[in-house]
Structures are given as structure tokens and as C-alpha cells.
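Since the structure comes first, as C-alpha cells, the remarks are kept for the end.
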Amino acid sequence: MLLFCFTTLRIFAQTDTTAVDISKEVSGKKKSSEKESQKVFYGQRLINARTVEVLHKGVMAFTIVHTFGDAAGKSGGFKNFFGLDEVSDALLGFQIGLGNHLNLALQHAVGYRDPFGLQHFYEAGLKYQFMSQGDHGNPFSLTAYGNVVSSANKIDSTAPESLFESTSDRMSELFELMVGRRFGNFSLQLSGTILHTNFVIPGDQDNLVSVGAAVRFPLSKKLYIISDYYHSFRSQESSDTWKSHGLPSRDVFGIGAEILTAGHVFHLNFTNARNVLENRFLPRTTDSWGKGQFRWGFTLTRNFTVFRDKKSQQ
């Protein structure tokens, strides 16, 4: 049914509108050199990180994210076909432009479940771009994102994180502020994140502050290297709590390739994060690159036009 619905929609051509400085003719005899708004990144996400980009009004992005099992280490190698025989997490998501600066995101993730963990997450979020690089001479792009994530996990006495007493215990809320700039063909983004988890195990912290960085640079016109990194500021009590359970907290690092085609964007990912959603991979990444606990993954995104902005047609 989902595929049938998509066949009725007109495909939105994804042209990289990362513009350079151009001269525009202004009404009358006056001419001025202005900078057009330009993209810092091509799509809405890299490996784990969201980007400062937003969709125009009426455009919808359909995204699939998939991560496999460990490629190396004790759990990887030939016995699980370098991770491809396993699934760590998978996400199906939609993001639609309610306005040229405001987007709505609706996503579902399977979620990776360790002995303490949760699964089956639903996310609703809003993304708003305050500034776009080049627009009115802005030197960078500035975007905020906020979400609410709820777990549909059944209450399980053997999994401490799922001992919910109310509906609110299933939820977590995140706010992220992202600033990005394009330097020629090189893109850089810095971000700050505040995550509140309504229900945590004893000894863990419910408020977590993280900082992140993301980069993108070209190898050719259609092939780019992408990478992102997050560091979370944990309390000593929280770190000791998870370490005592054999789950030491790790920083999140991902690297991969972005391949552009006429119809969609494809990312080949390598990351030590098992979960796809920030609400989970920021507080619950415990795998180490040094121990071979990284995994293959991919992100596939395609844009569609679901309705036309009447003002833009006039």
C-alpha cells in the first residue's frame, strides 16, 4: 500500500542547489551582487547526525536507515558474514516541509535491545531553520530540532529500562541546536544537544548534554566522504553504573560515503552506534571501534512533492 501511494506522487528532482555567488539583476537600472541561499549539506542526515538542512514547503523525504551487526571483533567476522547476517536497528521515516523553514518528522525505529534496553520507538519532531547560509548575507546556517520519542516496549521484569509505571515513563525528549557552514566544497557542522529521559535505571542520569560535529567533503561530483562524532558529558555515577553492568559508555563516531544519483541519496555507513535515534544512541552506545565493534549500515533517502506552494507558483 505504501509503494502504491508513492506511485501517485510526482517525484521531486533532487538537484544539488549548493550555489556559488552570483550577480542578480534588480528592478530598474540598478544591479547588485547578492549571495543566494545555499545548501551546507545535501540531505537531512549524515551517518548518525541530522544536518542543518530543511525541506521546502510541500516536499516530503522518505528515509530508510539500516544498521547490521558487528563487522569484526568477537561477534564479527566470517561467522556472521561480517555483520550482514544480523540487524542492530532499522528506521522508517518521513519528513515533510510544512513551510520553507519548518519541517515535521515522523519516524519509527526497531531499536537495538541489549539485556537492559528497549525496542519499538516512535518519534515525532519539529525542525526549524532560523538562518540559511548566503540568504541575506548570512555567514552560516542555524537550525533547531526538537522531538518526543516513545517506546512501545512491553513491560518486562528482566529488562530494568522497561519497568514503566506510566505512559510518560516510556518517553524521552530531545532538543538540538545545529550551526553549519560550507567552505567551498567542504561542509562543517557543530551541534549541541540536551536529552531528557523520563525513566532511567538507578544510578543513571535523566538529563544528558552532548556536543557533536559533522563534516562532508568531495572525492568527485557524485561521491563524498561524510563523518560525524558525538561526545556526551556523563556524571561519574552514571558511567560507573553502566560499567558495573558491563556496558561502558562510549563516544559515537561514524564515517561513510555519500553517493548522489538523479533520484535519491545513498549513504554507506560505518559506526559504533547500534541505535539510529539520538534519544537512544547518545546515552546507550557502549561499543568500541578498537575492539571491532563497528557495523555496516546504509541510509536511503528519496524526495517527493506532495503539494505545491501556491505563492511560489504566482
Segment residue 155-residue 138, length gained on full extension (0.36 nm per residue, minus Cα span): 1.2 nm
Cα-centre dipole for the chain with unit charges at Cβ (Lys and Arg positive, Asp and Glu negative), debye to 20: 1340 debye
For the range 180-185, Karplus couplings with θ = phi - 60° (6.51, -1.76, 1.60), whole Hz, Gly/Pro x: x, 8, 9, 10, x, 9
Estimated inter-spin distance, residue 225 and residue 80, nm [label 7 Å along Cα→Cβ]: 2.8 nm
Qualifying trypsin sites (Lys or Arg not before Pro) in the range 248-314, DSSP loop, other Cβ atoms within 10 Å at most 12: 308
Heavy atoms of residue 171: accessible area, 1.4 Å probe, square angstrom to 10: 60 Å²
Long-range HN-HN contacts of residue 292 with modeled amide H, under 5 Å: none
Sulfur and carbon atoms: percent of accessible area, the range 115-224 [1.4 Å]: 65 percent
Whole-Hz ³J(HN,Hα) from phi, Karplus 6.51 cos²θ - 1.76 cosθ + 1.60, for the range 255-271, glycine and proline x: 9, x, 10, 10, 10, 9, 10, 5, x, 7, 10, 10, 10, 9, 10, 10, 8
Cα shape, the chain, gyration tensor, a/c 1.5 rule: prolate
Vicinal HN-Hα couplings computed from phi for the range 40-48 (Karplus, 6.51 cos²θ - 1.76 cosθ + 1.60; Hz; Gly/Pro x): 7, 10, 7, x, 8, 8, 9, 7, 10
Too-long pairs where the Cα-Cα distance tops 27 Å, listed order kept, from 39/291; 74/243; 74/154; 79/291; 74/221: 39/291; 74/154; 74/221
Global geometry of the range 35-103, whether rounded, prolate or oblate, following the gyration tensor of its Cα atoms and the 1.5 cut on a/c: prolate
Sites residue 130 and residue 235, calculated FRET efficiency, Cβ-Cβ separation with R0 25 Å, nearest 0.05: 0.20
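The values are calculated or read from the model by the stated rules, or taken from the named source; none is laboratory data. This structure is a prediction, so every number in the text was calculated from the model and none was measured. When we count neighbours, we look across all protein chains shown, and the Cβ atoms used for this are built from the backbone with ideal geometry, even at glycine. Side chains are part of the model used for accessible areas, which takes the heavy atoms of the whole protein and leaves out ligands, DNA and RNA. Shrake-Rupley method; radii C 1.70, N 1.55, O 1.52, S 1.80 Å.
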